[in-house]
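I have placed the structure first, in the form of structure tokens, so that the comments after it can refer back to it.
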Amino acid sequence: MTLLGLDNLTLTQTAAYVGGAAAMGLGAIGAATGEGFTASRASEAIARNEEHAGDIIKNMLVGQAISESASIFSLVIAILLLFMDMPDPGIVKAASLLAAGLCMGFGAIGSGVGAGLPAGRSCLAIARQPAVSGRITTNMLIGTAVCQTPAIFAMVVALILLFKPAGGAAAFPTSAALIGAGLSTGLAAIGSGYGGGMAAGASCEGVARQPETTTAVTTTMLVGQAVAQTPSVFGLLVSFVLMFRSFPESTALSASVGLLSAGLCMGLGGIGPGIGNGMTAEGAVRWVARRVDYSGDLMRIMLVGQAVSQSTAIYAMVVSLVLIFVV
Amino acid sequence: MAIEGAELVKAAALLGAGLSMGLGAIGPGVGEGMAAAKACEAIGQNPKEAGLLTRTMLVGQAVAESTGIYSLVIALLLLFVV
């Protein structure tokens, strides 16, 4: 079976190059924006406290380096797509390579922007409280590292898609399922990456405001970020189902579109709850730093609020799974 | 390959279901998160009213949730009824 009248190798190479371009083009958005934010806050911080310019610049560069990692993942996937061998070209392999590029491209956006937020706000925090700059930088590093998780999920899915042998899988609907798998993890990572960054940003500010509350602030940040990562875990789950379930051959349009739609549904549906959970965690972290004696109450309300905000991601997952298993 | 009308309609319904729930989940997720963030702030400022503030937050979120539920209903209608 051929598509668009192209032979298998041409089709697969075309898909790989488009995928590579998408991986790097989309993947550059997040890190660049995040690092720009960091630099802008660093300038502001130096203007306020020029005596500690050295510390602030050091902190800015460390933060930007971590924020950069999401786009480095994209670069790796793009280079692999451009130069890898294609032992089993065909429609399934073509779909798989295109999906790998899309997954990594979309997946790097949230983590890149997200990691820029704590990096920038920690520069301002150092200008405000230079005495605890070490503690602020450590806190920023923990926060930005957690922000990278969604991008890492996207990279894992992209690598599986790159190297998964097409085997004898039926061209349709398997190829649609693979593209759905890429979109599910890639899009869902946007919200979680950005949300995790919001929580981490507030915690850097909190440490500067009340250095003695560092433990409570970091704990609240980590719990909040963990919950904000759930939509991207749902995305990963749907991707794995789409990648590893074997679908009976069907050239019916609805079979293919249904699986693609399952991936899109979970991917898009994960964006909002990821950002919302991050906002909630940001509010909670900010107030734990100010009223550490009520950190238990704040943690409780944060978790309740996040759980409710999570509900639409769960609906999206249910609809995705219905599209995969029932319809 | 030739696509029959009924097949196209079914495919469009499945795609529509995914888009309905996927796009429809964005707004409530962000909005409810915002409500919860402000509830945390309010409890920080006035911890004595934690019970009232939690109730208010939940009521507000329930209302914000409604559009997410509409999306779910439309998605399920597209999947099973239309």
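The values are calculated or read from the model by the stated rules, or taken from the named source; none is laboratory data. Every value quoted in this text rests on a predicted model; they were computed, and no experiment measured them. All Cβ positions, glycine included, derive from the backbone under ideal geometry; neighbour counts span all protein chains shown.
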Among A:Ala281, A:Ala316, which is in a helix (DSSP H, G or I), more than 7 Å from chain B (Cβ to nearest Cβ) and in contact (Cβ under 8 Å) with a residue 40 or more places away in the chain?
A:Ala281
How many residues, within the stretch A:295-313, are more than 7 Å from chain B (Cβ to nearest Cβ) and in contact with a Gly (Cβ under 9 Å, 6 or more places away or on another chain)?
3
Restrict the check to the stretch B:54-63 and report whether at least one residue is within 7 Å of another protein chain (Cβ to nearest Cβ), among the hydrophobic types (A, V, I, L, M, F, W, C) and within 14 Å of the chain's Cα centre (by Cα).
no
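Which of the following residues is at pLDDT 95 or above and more than 28 Å from the chain's Cα centre (by Cα): A:Glu51, A:Glu35? Break it down into steps so the answer makes sense when it comes.
Values: A:Glu35 fails: more than 28 Å from the chain's Cα centre (by Cα).
Exactly one of A:Glu51, A:Glu35 is at pLDDT 95 or above and more than 28 Å from the chain's Cα centre (by Cα), namely A:Glu51.
Taking the options A:Leu187, A:Leu178, A:Leu237, name whichever one is within 13 Å of chain B (Cβ to nearest Cβ) and more than 26 Å from A:Ser133 (Cβ to Cβ).
On the way: A:Leu178 fails: within 13 Å of chain B (Cβ to nearest Cβ); A:Leu237 fails: within 13 Å of chain B (Cβ to nearest Cβ).
When all the criteria are applied, what remains is A:Leu187.
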Reported set for the stretch A:128-161 where residues are surrounded by fewer than 24 Cβ atoms within 10 Å (Cβ to Cβ) and among the small types (Gly, Ala, Ser) is A:Ala131, A:Ser133, A:Gly134, A:Ala145
The residue from B:Gly31, B:Gly5, B:Gly24 that alone is farther than 16 Å from A:Gly305 by Cβ and within 15 Å of the chain's Cα centre (by Cα) is B:Gly24
Provide a single number: the residues in the stretch A:202-220 that are within 13 Å of chain B (Cβ to nearest Cβ) and not in a loop (DSSP other than H, G, I, E, B).
7
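Looking at the structure I just gave you, is B:Gly29 within 20 Å of A:Met279 (Cβ to Cβ), buried (at least 22 other Cβ atoms within 10 Å of the Cβ), more than 7 Å from chain A (Cβ to nearest Cβ) and at pLDDT 95 or above? Don't jump to the end; show me each part of the working.
Values: within 20 Å of A:Met279 (Cβ to Cβ): yes; buried (at least 22 other Cβ atoms within 10 Å of the Cβ): yes; more than 7 Å from chain A (Cβ to nearest Cβ): no; at pLDDT 95 or above: yes.
In short, no.
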Within the stretch A:41-56, can you find the residues that are in contact with a helix residue (DSSP H, G or I) (Cβ under 7 Å, 6 or more places away or on another chain) and surrounded by fewer than 24 Cβ atoms within 10 Å (Cβ to Cβ)?
A:Glu44, A:Ile46, A:Arg48, A:Asn49, A:His52, A:Ala53, A:Asp55
Looking at (1) farther than 20 Å from A:Leu253 by Cβ; (2) modelled with pLDDT of 95 or more, find the lone condition where B:Ala50 falls short.
(2)
Residues in the stretch A:284-294: is at least one assigned to a helix (DSSP H, G or I), at the interface with chain B (Cβ under 7 Å from one of its Cβ atoms) and touching a Cys at 6+ places or on another chain (Cβ under 7 Å)?
yes
Using the structure shown, decide if A:Ser184 is part of a helix (DSSP H, G or I), surrounded by fewer than 24 Cβ atoms within 10 Å (Cβ to Cβ) and small (Gly, Ala, Ser).
no
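Restricting the search to the stretch A:242-264, which residues are under 21 Å from A:Ser311 (Cα atoms) and either assigned to a loop (DSSP other than H, G, I, E, B) or hydrophobic (A, V, I, L, M, F, W, C) (or both)?
Our first condition is that a residue be under 21 Å from A:Ser311 (Cα atoms); within the stretch A:242-264, this holds for A:261-264.
Across the stretch A:242-264, the qualifying residues are A:Ala262, A:Leu264.
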Scanning for something within 7 Å of chain B (Cβ to nearest Cβ) and either under 26 Å from the mean Cα position of the chain (by Cα) or closer than 26 Å to B:Thr67 by Cα (or both), does the stretch A:248-259 turn up at least one residue?
yes
